[in-house]
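First up is the structure itself, then whatever we jot down about it.
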Amino acid sequence: GEGGREGRGAVLIMRGLPGSGKSSVSRAVTELLAAEGGAVACSADHFFERGGVLSEAELAGLGACERYRAAFRTDLLGEAHAQCRAAFDAALAGGVPLVVVDNTHSRRGEYDYYRAAAKERGYRLAVLELRCASTAEARSFHARCSHGVPWAVYESMLRRWEADEGAVLLAASPSVADGRAAAPPRQEAPPPQLP
């Protein structure tokens, strides 16, 4: 493949409610390997973090969370996910050793595209889920979520959540969401083999 590295990488699909700590885990994993040019994170959130369709003038003076909240619109979710898939495809085509997909993925079908593309390119695949064990835990995630997701949306995500028997489950904790060391995983499947 391009760069002579195709097929020697791994794809890590993150799934979990907003505020569960999946982006903190994603960031920690990619930073670990990024120093050697070995990791890329792809997320639909990146579209909104960059300002979505707002102008620089509309975004002037806004911090990261304010930028996301100002840019977020549900009618742009399709575009945000299309840009996430494009970044993912570019990373695979470029032979990036580790590609992390950091989205909520409440239903298995929402990451079928990434599974199929990883398989087609010869990448190993793992799904890491930051588990939500209760409504009380979901409320805790909601309280620490930086994106301002309404509680009604959380309830909807909880109702439509679909188990993935092949996922590695990680018990979410405040330290995970705050970017400190993650809690030990409860492994339901073998851990991913990183490049």
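Out of region 1-38, which residues are within 21 Å of ALA86 (Cβ to Cβ), of a type in the set (A, V, I, L, M), surrounded by 16 or more Cβ atoms within 10 Å (Cβ to Cβ) and modelled with pLDDT under 90?
None; the set is empty.
Just checking, does region 109-127 include any residue being over 23 Å from GLY9 (Cα atoms) and at pLDDT 80 or above?
No, every residue in region 109-127 fails to be over 23 Å from GLY9 (Cα atoms) and at pLDDT 80 or above.
Whether any residue in region 144-152 is within 24 Å of SER24 (Cβ to Cβ) and assigned to a helix (DSSP H, G or I) is what I want to check.
Yes.
Please give the number of the condition LEU54 fails out of (1) free of Cβ contacts under 8 Å to residues at least 40 places away in the same chain; (2) farther than 16 Å from SER23 by Cβ; (3) not in a loop (DSSP other than H, G, I, E, B).
(3)
Being among the aromatic types (Phe, Trp, Tyr) and in contact with a helix residue (DSSP H, G or I) (Cβ under 7 Å, 6 or more places away or on another chain) is the filter; apply it to region 147-183 and report the residue that is modelled with the highest pLDDT.
Checking each candidate, the answer is TRP151.
In region 11-28, is there at least one residue being touching a residue at least 40 places away in the same chain (Cβ under 8 Å), within 21 Å of PRO150 (Cβ to Cβ) and among the hydrophobic types (A, V, I, L, M, F, W, C)?
Taking every residue of region 11-28 in turn, at least one turns out to be touching a residue at least 40 places away in the same chain (Cβ under 8 Å), within 21 Å of PRO150 (Cβ to Cβ) and among the hydrophobic types (A, V, I, L, M, F, W, C).
May I ask you to say which residue of ALA80, ALA70, ALA41, ALA91 is surrounded by 15 or more Cβ atoms within 10 Å (Cβ to Cβ) and either within 11 Å of the chain's Cα centre (by Cα) or not in a helix (DSSP H, G or I) (or both)?
ALA41
It is to be established whether one or more residues within region 13-22 are under 21 Å from GLY166 (Cβ atoms), touching a Lys or Arg at 6+ places or on another chain (Cβ under 7 Å), among the hydrophobic types (A, V, I, L, M, F, W, C) and not in a helix (DSSP H, G or I).
Yes: one or more hits.
Could you list all residues from region 111-143 that are acidic (Asp, Glu), surrounded by 12 or more Cβ atoms within 10 Å (Cβ to Cβ) and part of a helix (DSSP H, G or I)?
GLU137
Among the residues of region 71-94, which ones are among the aromatic types (Phe, Trp, Tyr) and modelled with pLDDT of 95 or more?
PHE88, the sole residue that qualifies.
The values are calculated or read from the model by the stated rules, or taken from the named source; none is laboratory data. The structure presented is a predicted model; accordingly, all values stated were derived computationally and were not measured. Note that we place each Cβ from the backbone using ideal geometry, even for glycine, and neighbour counts take in every protein chain shown.
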